[in-house]
1. Report the Stokes-Einstein translational diffusion coefficient (µm² s⁻¹, integer) for region 53-121, Rh taken as the Kirkwood radius over Cα pairs, at 25 °C with viscosity 0.890 mPa s.
2. Carbon and sulfur together cover what percent of the accessible area of the chain at a 1.4 Å probe radius?
3. Would you calculate the separation in nanometres between label points at Ala40 and Leu11, each defined as 7 Å from the Cα along the Cα-to-beta-carbon direction?
4. Taking H placed 1.01 Å from N in the peptide plane, check which residues at least 5 places from Thr90 or on another chain put their amide H under 5 Å from its amide H.
5. Determine the distance separating the Cα centre of region 1-63 from the Cα centre of region 71-101; give it in Å without decimals.
6. Can you tally the net charge around Asn76? Count Lys and Arg as +1, Asp and Glu as -1, for every other residue whose Cβ sits under 15 Å from the Cβ of Asn76.
7. What is the distance, in nm, between label points placed 7 Å from the Cα along the Cα-to-Cβ direction at Trp111 and at Leu64?
8. Would you mind listing how long the chain runs along its three principal axes, going by Cα atoms, in whole Å with the largest first?
Amino acid sequence: QVQLVESGGGLVQPGGSLRLSCAASGSIQRIYVMGWYRQAPGKQREFVASITGGGATNSAEFALGRFTISRDNAKNTVYLQMNSLKPEDTAVYYCNADKVIVAGTWRFDLWGQGTQVTVSS
């Protein structure tokens, strides 16, 4: 069994910063790509950023220059540092792991429960 648990969301003023964390638990041997997605009210879930086990990153255009994704493979944890936050960044942020080897078996497309980020004055 693998679980992804996000933390770090909350209420922040425009221009502020938040750091999200997502920890994967279980008998994990390897996680390939980990990423962040978000879903605002009334909108579809959208890609924010991703990172491979080797540290290669990919980010949505809106995230460039403001959001930084990183990971600690030893802790099976991925982070999202968000700076210069805007009201339009308000959404539920979800963690994703695309492929995970757990106790010798594969698991695909795993999601966390989400953490709310609200940017408002």
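1. D = 176 µm²/s.
2. The computed percentage sits at 47.
3. Once both label points are built, they end up 2.0 nm from each other.
4. So Thr90 has HN proximity to Val119.
5. 2
6. My count for the surroundings of Asn76 gives +2.
7. If labels sit at Trp111 and Leu64, their model points lie 2.7 nm apart.
8. So the extents along the principal axes, rounded to whole Å, are 48, 25, 22.
The values are calculated or read from the model by the stated rules, or taken from the named source; none is laboratory data. Bear in mind the structure is a predicted one, so any value in this text is a computation, not a measurement. With ideal geometry, Cβ positions are generated from the backbone for all residues, glycine too; neighbour counts draw on all protein chains shown. SASA here: full protein model, heavy atoms, side chains in, ligands and nucleic acids out. Shrake-Rupley method; radii C 1.70, N 1.55, O 1.52, S 1.80 Å.
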